[in-house]
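Data block below; observations after.
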Amino acid sequence: MYRDLLADATFHHLLLAFDSDLADAARERRCACCGGALHSASYPRKPRGRLCRLGPEHDRRFSFCCAVDGCRSRLTPPSLRFLGRKVYFAAIVVLIATLRHGVTTSRMEGLSQAVGVDRRTVERWRVWWRERFPATPFWQMARAMFMPPIDHQHLPASLLARFAGDGADRLVALLRFLGPVTAGRVPAR
Ligand SMILES: [Zn+2]
């Protein structure tokens with residue numbers, strides 16, 4: 001059950017390990033603007049909805065800043081934990097939106113209550129998944145990988161169903177797949 005997964009520190013450690021690997025890979029590629037070295041410029045983030053106690057290392061979003069004067073571009077690598085600026089943990093934004101279409105509304109409500117998400121937030125996520133996500137440049141490219149095509153009306157459940165394995169495997173695979181949506185490169189000026 002997904003609620004157990006969110007309460008399992010091992011699951012959170014796994015996601016952190018993936019994020020750490022993605023950050024290392026981004027750093028090795030150096031600054032995309034000028035080729036300069038990247039310095040760590042992580043920032044504090046405390047996403048809501050994680051159902052267990054975690055150490056302070058879980059409250060940082062990996063990010064880098066170019067070391068070259070006059071460039072100083074910021075690069076934030078993909079993440080399996082933080083979905084853009086959303087204040088909730090990425091897995092929650094996937095799972096609650098999934099349960100909305102799934103089995104029963106009571107399961108969705110049970111998880112929403114455990115995590116403390118209100119209906120308006122759930123509704124915003126629904127709009128994001130059905131309207132904004134399909135319009136992203138990432139999805140415009142990535143959608144071609146799926147045959148038959150993904151039904152946008154049932155995102156993210158329709159996407160989650162295409163990954164193999166048990167519930168946890170699928171969720172991790174989907175979060176990895178979504179990584180590029182979460183990354184960003186911002187010039188200093
Ligand atoms: Zn640079």
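Only one of these conditions is not met by residue 147: (1) touching a helix residue (DSSP H, G or I) at 6+ places or on another chain (Cβ under 7 Å); (2) more than 16 Å from the ligand (Cβ to nearest atom); (3) open to solvent by 30 Å² or more (accessible area, probe 1.4 Å). Which number is it?
Unmet for residue 147, out of (1) touching a helix residue (DSSP H, G or I) at 6+ places or on another chain (Cβ under 7 Å); (2) more than 16 Å from the ligand (Cβ to nearest atom); (3) open to solvent by 30 Å² or more (accessible area, probe 1.4 Å): (1).
Please work out which residue is farthest from the ligand (Cβ to nearest atom), limiting yourself to region 34-50 and to residues that are surrounded by fewer than 19 Cβ atoms within 10 Å (Cβ to Cβ) and touching a residue at least 24 places away in the same chain (Cβ under 8 Å).
48
If residue 129 satisfies every condition in (1) open to solvent by less than 40 Å² (accessible area, probe 1.4 Å); (2) part of a loop (DSSP other than H, G, I, E, B); (3) over 21 Å from residue 19 (Cα atoms) but one, which is the exception?
(2)
Under 8 Å between Cβ atoms, which residue pairs at least 6 apart in sequence (or on different chains) link something in region 125-154 that is of a type outside the set (D, E, K, R) with a partner that is part of a loop (DSSP other than H, G, I, E, B) and open to solvent by 60 Å² or more (accessible area, probe 1.4 Å)?
Every condition considered, the pairs that remain are 146/162; 150/162.
I'm trying to understand the selection: among the residues of region 51-80, which are of a type outside the set (Lys, Arg) and away from the ligand (no atom under 16 Å from the Cβ)?
Hits for region 51-80 are 51, 52, 54, 55, 56, 57, 58, 59, 62, 78, 79, 80.
Which one is farthest from the ligand (Cβ to nearest atom) among residues in region 81-92 that are closer than 20 Å to residue 20 by Cβ and crowded, with 19+ Cβ neighbours inside 10 Å?
Step by step, filter region 81-92, then rank; the result is 91.
If you take the residues in region 132-189 that are assigned to a loop (DSSP other than H, G, I, E, B) and among the aliphatic types (A, V, I, L, M), which one is modelled with the lowest pLDDT?
188
Find all pairs meeting these conditions: Cβ atoms under 7 angstrom apart; at least six residues apart or on different chains; first residue within region 19-33 and at positive phi; second residue part of a loop (DSSP other than H, G, I, E, B) and surrounded by fewer than 17 Cβ atoms within 10 Å (Cβ to Cβ).
30/37
Please work out if residue 121 is within 16 Å of the ligand (Cβ to nearest atom), surrounded by 15 or more Cβ atoms within 10 Å (Cβ to Cβ) and at pLDDT below 95.
So residue 121 does not fit the description; no.
Check off (1) within 14 Å of the ligand (Cβ to nearest atom); (2) more than 17 Å from the chain's Cα centre (by Cα) for residue 26 and give me the number that stays unchecked.
(2)
The values are calculated or read from the model by the stated rules, or taken from the named source; none is laboratory data. Since this is a predicted model, take the numbers as computed values, not measurements. Positions of Cβ are generated from backbone atoms using ideal geometry, with glycine treated the same way; all protein chains shown enter the neighbour counts. Each accessible area value is taken on the protein alone, full model and side chains, heavy atoms only, with ligands, DNA and RNA left out. Shrake-Rupley method; radii C 1.70, N 1.55, O 1.52, S 1.80 Å.
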